[in-house]
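Accompanying notes for the structure given below.
Just so you know, all these numbers are worked out from the coordinates, no wet-lab data involved. What you are looking at is a predicted structure, and each value in this text was computed from that prediction instead of being measured. Quick reminder, even Gly has a Cβ in these numbers, built from the backbone with ideal geometry, and neighbours come from all protein chains shown.
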């Protein structure tokens, strides 16, 4: 496949990157690992050349400039302290999957990162790219929503914070305004006795787009559930979050978890496509919801 023509700039600082993205008269797009942006540009360019009558996945003209973020060290790494977890958008999937500090309470994020692509892809793919691409099947989106992440969006005019559950507005669409850049993903400090987990279902076990995925967060008070939520991917146009209120105050035994999974899956809005039918996705969502709830409970108890 061919790529549309564009220039590439490599700013040395965040200020330079924001200036490049905001430059008047130039259509710019940020790029990090390139594992989503470059294939997207190829597919969209090929689609428009071969099938001009079909609607574009990303409407509008192609970018004239790609702004590479790879030199911006301030956007890298993961910081864990009493204030919670702060992930730089350039944190790679390999880094997140291997970070022992994310075990337990933040295990869903490590699970989601570990499910992305192949080892080669995970070494380049970034958290920020996976979120901003905003595919319904994005592997880290359900974990970030389940963990109640807060995204920092920066521009030359300043910064604003958006909760992850409000960041996605449609397939391939977010609340990012022109000239804005995702500069941090922050998670609040976890309460005692909480755990999270994520899983996805695909035709293969690796290098696969999710037919459906799920992430769960559970907080225990002794042997009973204080709060729980499940978030599905590939089951609606955007990550679909469901508060598992049926579990509140209950001992999370198999019957309770299965009932909560069934209730959560009933709220999904899957589609029929070449990967699976809507009916199959809804059934699979229930199975995955039970499994991630079960694993989140085990992690909350310190058993996994």
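Using only Cα atoms, tell me the angle between helix 278-300 and the longest principal axis of the chain; keep it within 0 to 90° and round to the nearest 10. That works out to roughly 70 degrees. Normalised by the number of residues in segment 7-68, the average gap of Cα pairs under 8 Å and 6 or more apart makes the relative contact order 56 percent.
As a rough footprinting exposure proxy, the listed residues 46, 139 were ranked by other beta carbons within 10 Å of their own, and the order from fewest upward is 46, 139. Of 220, 70, 288, the residue with the greatest mean-square motion in the GNM of the chain, using alpha carbon springs below 10 Å, is 70. Centroid-to-centroid, using Cα positions, segment 91-147 and segment 184-251 are 14 Å apart.
In segment 226-304, the C-alpha radius of gyration followed by the widest Cα-Cα span (Dmax) gives 12.9, 41 angstrom.
Residues 187, 274, arranged from fewest to most other Cβ atoms within 10 angstrom of their Cβ, appear as 274, 187.
Taking the longest Cα principal axis of the chain as reference, the axis of helix 37-50 is set at about 70 degrees. GNM remark for the chain: springs join alpha carbons under 10 Å apart, and the peak mean-square fluctuation among 13, 28, 154 falls on 13.
Counting only the Cα atoms, segment 1-90 fills a convex hull of 121 Å³ per residue. Taking label points 7 Å from Cα along the Cα-to-Cβ direction, residue 162 and residue 22 give a separation of 1.7 nm. What would the Debye equation give as log₁₀ I(q)/I(0) for the chain at q = 0.07 Å⁻¹, counting only Cα atoms as equal point scatterers? The Debye formula, applied to the Cα set alone, gives -0.27. Here the extension length gained between residue 221 and residue 207 equals 1.2 nm, from 0.36 nm per residue of separation less the Cα-Cα distance.
Straightening the chain between residue 280 and residue 251 buys 7.5 nm, computed as 0.36 nm per residue apart minus the Cα-Cα spacing.
Summary of packing: across the peptides 259-271, 226-238, the per-residue average of other C-beta atoms within 10 Å ranks them, highest first, as 226-238, 259-271. When the Gaussian network model of the chain links Cα atoms closer than 10 Å, the mean-square fluctuations of 281, 205, 258 top out at 205. Ordering 51, 57 by the number of other Cβ atoms within 10 Å of each residue's own Cβ, fewest first, gives 51, 57. Both radii were evaluated on the Cα set of segment 98-219; the Rg over Rh quotient, with Rh as the Kirkwood radius, amounts to 0.97. Working from Cα pairs under 8 Å separated by at least six residues, relative contact order for segment 194-300 is 33 percent. Quick check: the angle from helix 254-265's long axis to the longest principal axis of the chain, C-alpha only, nearest 10 degrees? Result, in degrees: 30.
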